[in-house]
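K.L.:
Mind having a look at this structure? Questions to follow.
Read-outs throughout are calculated quantities, based only on the coordinates presented, and are distinct from any laboratory measurement. Computed from a prediction, not measured in an experiment: that's the story for all the values here. Quick reminder, even Gly has a Cβ in these numbers, built from the backbone with ideal geometry, and neighbours come from all protein chains shown.
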Amino acid sequence: MSAKQDDVLNARLSRVRVVLVSTSHPGNIGAVARAMKNMGLTQLVLVNPAEFPSGEARARASGANDILEQAQVVSSMESAVAGCAVVLGASARLRSIPWPSLDPRAAADRVLEVVESADAALVFGRENNGLSNDELDRCNYLVHIPANPDYSSLNIAAATQVLVYELRMSLLEQTGRRDNRFHSDQPRATADELERLYEHLQQTLTELDFLKPSAPRQIMRRLRRLFGRAELDRMEINILRGILSAVQSRSRGEKTEESER
């Protein structure tokens, strides 16, 4: 690999965040840092870790202490994925509501479509029960490692190693590979821009009495899945929010007229 290709590889890998949510064992944080450094990733974000910094994390990092020293600690998944154009949640189990699902190789390809110009996140949940449905709502895709169905549970470090290996391999193979997917002329919408769209959509649908205020989640979860799969760009977000604002304005005007009669 030439020096220029190496620079491109490192620049794109630097845009990938590995996010660990509520990790209970500090040794797992260190082992993940080691897996990341093996494959050239540098951005580690920790959401409410039980114990960090930790001597055990440093010991398990086996020389990847720079990853730990640069790690960001945040209080919410929303903060962890802010600004990311694609968010992928790792899960060992399927959900009651089907979610767009990718294997590690397809997930790596999807990340590569983004990291030329924006950040992407690989999110890993708790050791005992993974990501909650609310956390999964913030993901565009679920990533499922097709392990032995009779013994499919991987620890966080092993799952991280599988995904970041596939990511590095896809990047190494990218040179000269033709990409026939559609590319927008606008920047991709970030995770926080999508959240604002979902909030606006839920507010509008509630005002129209389409959603029950007491139980909006099932329909909203399916709408999140729909828009997450579409991978909207910033202009598309603005168009959709403009439509929602127009609907709200018309609806509120009609309700005012009815109340005055």
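K.L.:
With a 10 Å Cβ neighbour count serving as the proxy for reagent exposure, in which order, fewest first, do Met36, Met220 appear?
P.N.:
Met220, Met36
K.L.:
Still on this model: If I model a spin label at Lys212 and Ser251 as a point 7 Å from the Cα along the Cα→Cβ vector, what separation in nanometres do I get?
P.N.:
The modelled label-to-label distance comes out at 1.7 nm.
K.L.:
Using 7 Å Cα-to-Cβ label points, what is the Asp192/Gln174 separation (nm, one decimal)?
P.N.:
According to this spin-label approximation, the distance is 2.5 nm.
K.L.:
Any chance you could give the angle, 0 to 90 degrees and rounded to 10, that helix 26-39 forms with the longest Cα principal axis of the chain?
P.N.:
In the chain, helix 26-39 runs at an angle near 80 degrees to the longest axis.
K.L.:
How long are the semi-axes of the equivalent ellipsoid of the chain, taking √(5λ) for every eigenvalue λ of the Cα gyration tensor, in whole Å from largest down?
P.N.:
One finds semi-axes of 36, 22, 17 Å for the chain.
K.L.:
Per DSSP H run of n ≥ 4, the term is -39500 (n - 2.57); total these for the chain, divide by its residue number, and report the mean residue ellipticity at 222 nm rounded to 500 deg cm²/dmol.
P.N.:
Computed mean residue ellipticity for the chain: -15500 deg cm²/dmol.
K.L.:
Also, I was wondering about something else. Over the chain, what is the relative contact order in whole percent, taking alpha-carbon pairs under 8 Å and six or more residues apart?
P.N.:
21
K.L.:
Can you give me the C-alpha center-to-center distance between the stretch 94-168 and the stretch 63-92, rounded to a whole angstrom?
P.N.:
13
K.L.:
Please arrange Asp119, Asp134 by counting, for each residue, the other beta carbons lying within 10 Å of its beta carbon, fewest first.
P.N.:
Going from least to most buried by this count: Asp134, Asp119.
K.L.:
Another question, if that's okay. For the stretch 191-260, just say rounded, prolate or oblate: build the C-alpha gyration tensor, square-root its eigenvalues into a ≥ b ≥ c, call rounded for a/c under 1.5, and beyond that prolate if a/b exceeds b/c, oblate if not.
P.N.:
Because a/c hits 1.5 or more and a/b fails to exceed b/c, the stretch 191-260 counts as oblate.
K.L.:
Order these by the 10 Å Cβ neighbour count, fewest first: Leu41, Leu142.
P.N.:
In order of increasing Cβ crowding within 10 Å: Leu142, Leu41.
K.L.:
Along the Cα→Cβ direction, 7 angstrom out, place labels at Asn48 and Leu226. What is the inter-label distance in nm?
P.N.:
For Asn48 paired with Leu226, the spin-label model returns 3.1 nm.
K.L.:
Output the antiparallel fraction of DSSP beta bridges having both residues in the stretch 3-173, as a percent to the nearest 5.
P.N.:
5
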